[in-house]
């Protein structure tokens, strides 16, 4: 059995799926009214993070009505199933769509499709330091309403120049209610930010060096580190093989590998995992350990969690 076949067979977990960057090229072509659709799609495949905001414009224009949203979610679920992804988390940045469709209506349409398909896909809502306070509070109100009913967390996207303490009006509520949130770590933690980081469920780790003291703090506070491996190509690393991801694995840091690579079409965790195998001295047991860690840390119903963990163990034994 080839490496690709082994990875394909292995049941997988994808903890960070962006709706705006997961629309397949074929579906984008079918649904778009853009006359230069082929040129637009070519640009979106460049994997240039600096052009990410520009790349989002087409998916946002496509997802402008109920029919298209339903088609996109159905298509996404089909591709996740074909990749043998047994659990996933879908990130929804609701205010991106409010020119076309009411934010809460968008969420209910997505949740209705997930329920109809009876698929283990949870929704994470997005807050942003680039928005007005009222916009974030509105998203938080929607989150409070649907938390535990298809929505299982908040992702806070912060601009590098912003201090997290400026957004304590958000974190106070989340911490007080013991609700899970995810942070993007794109700068060093300050003393004032420390408590906010240490209450996070996951950290999207974007720093370019291994800081043992920070990693130890994450371990003590049971924080999972999240990596979109292909995103590291845009970092200042000379060679992806120089990255220290194996240090996390051998030191038993909870780790998740995700398919968040900033393009359409490539919601494909196999791509990320093949990069892992090609660049690091990993074996299938390392990957299985990562999957099980993902499920143990997932904020889902305990019965579903136990069933998925058993499924991973059973099918992994067949692959091994």
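All of the numbers you see were taken from the coordinates with simple rules; none came from a lab. Here the structure is a predicted model, which is why all the values come from computation and not from measurement. Methodologically, a virtual Cβ is constructed for each residue, glycine included, from the backbone with ideal geometry; neighbour enumeration extends over all protein chains shown.
See the values below:
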{"read-out": "Sorted by Cβ neighbour density within 10 Å, fewest at the top, the residues 100, 16", "value": "100, 16"}
{"read-out": "Cβ-based exposure ranking for 116, 79, in which fewest neighbours within 10 Å come first", "value": "116, 79"}
{"read-out": "Inter-part distance where region 287-320 and region 77-137 are each reduced to a Cα centre, Å", "value": "23 Å"}
{"read-out": "Where Rh is the Kirkwood radius over Cα pairs, Rg/Rh for region 66-130", "value": "0.98"}
{"read-out": "Cα point-scatterer Debye curve for region 105-206, base-10 log of I(q)/I(0) at q = 0.16 Å⁻¹", "value": "-0.70"}
{"read-out": "Peptides ranked, highest mean first, by Cβ atoms within 10 Å: ranges 207-218, 21-32", "value": "21-32, 207-218"}
{"read-out": "Relative contact order of region 86-177, defined on C-alpha pairs under 8 angstrom at six or more residues apart (%)", "value": "30 percent"}
{"read-out": "Fewest-first sequence of 310, 103, 134 by Cβ atoms within 10 Å of each Cβ", "value": "134, 310, 103"}
